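The values are calculated or read from the model by the stated rules, or taken from the named source; none is laboratory data. This is a predicted model, so every value here is computed, not measured. Note that each Cβ is placed from the backbone with ideal geometry, even for glycine, and that neighbours are counted across all protein chains shown. SASA here: full protein model, heavy atoms, side chains in, ligands and nucleic acids out. Shrake-Rupley method; radii C 1.70, N 1.55, O 1.52, S 1.80 Å.
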Amino acid sequence: AATCANCHGTNGQARGEMKPLAGLSAEKIIAAVADYKSGAQPATIMHQIAKGFTDDQIKLIADYFAAQK
């Protein structure tokens, strides 16, 4: 999740205008990343980042951020 931490914070507590990930359900995070990966959700950089992760990696990242407070 180190790549995610650059914008969303180490524990999912985002700074500035970035969306916080801490405490979101893993399912919501996975769905959002899938939308970025497919291009269904427009983005400046997330579509590029999402394509760099496998489905298994996305699940691990989502589980990590979902467990944060």
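Side notes on the structure shown:
- Taking the criterion of being open to solvent by 60 Å² or more (accessible area, probe 1.4 Å) and more than 15 Å from ASP63 (Cα to Cα), the residues of the stretch 14-26 that qualify are ARG15, GLY16, GLU17, MET18, LYS19.
- The residue that is most open to solvent (accessible area, probe 1.4 Å), counting only those in the stretch 27-61 that are free of Cβ contacts under 8 Å to residues at least 12 places away in the same chain, over 15 Å from ASN6 (Cβ atoms) and not in a helix (DSSP H, G or I), is PRO42.
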